[in-house]
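In what follows, a structure is listed as structure tokens, so that the remarks can point back to it.
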Amino acid sequence: MSATCSYSNMAKIKKKLPTQVDDVISAELPNPKEDPVLYETIRKHMIHGPCGELNRDSLCTKDVKCTKSYSHEMIIKTQTGNDGYPLYMQKKAR
């Protein structure tokens, strides 16, 4: 199965994204005591870094900066960045 979107549909999706993304995506680690398997899976496979000044040998580091734009600042409300990529809310920023 594949999905396709027209440019006009993508514009509609991007407008809705900040208000809907928090329902399906979390930018925080789960509690390791409540769900140790999920915690370990995320810790092992989905955490970026260290890179940049902390690890100049990382594959994503160029000119002492992360080419993937990490680390992201903590924000209190999910929003869409200038490139359309979501900037995720983090509860600790509240």
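Coordinate-derived values only; no laboratory data. Everything numeric here is computed off the predicted structure, so don't read it as measured data. Cβ coordinates were reconstructed from backbone atoms using ideal geometry, including for glycine residues, and neighbour counts include every protein chain displayed.
Taking 7 Å steps out from each Cα toward its Cβ at Ile25 and Leu59 produces label points 2.2 nm apart. For region 81-90, the Karplus equation 6.51 cos²θ - 1.76 cosθ + 1.60, evaluated at θ = phi - 60°, returns couplings of x, 4, 8, x, 7, x, 9, 8, 5, 10 Hz by residue, with Gly and Pro reported as x. Can you bin region 18-62 into rounded, prolate or oblate? Criterion: square roots of the alpha carbon gyration tensor eigenvalues sorted a ≥ b ≥ c, rounded for a/c under 1.5, prolate for a/b above b/c, oblate for the rest. Cα axes put region 18-62 in the oblate bin. Close amide-amide hydrogen proximity is noted between Thr80 and Leu87, each under 5 Å apart and 5 or more residues distant or on a separate chain (H modeled in the peptide plane; Pro and chain starts excluded).
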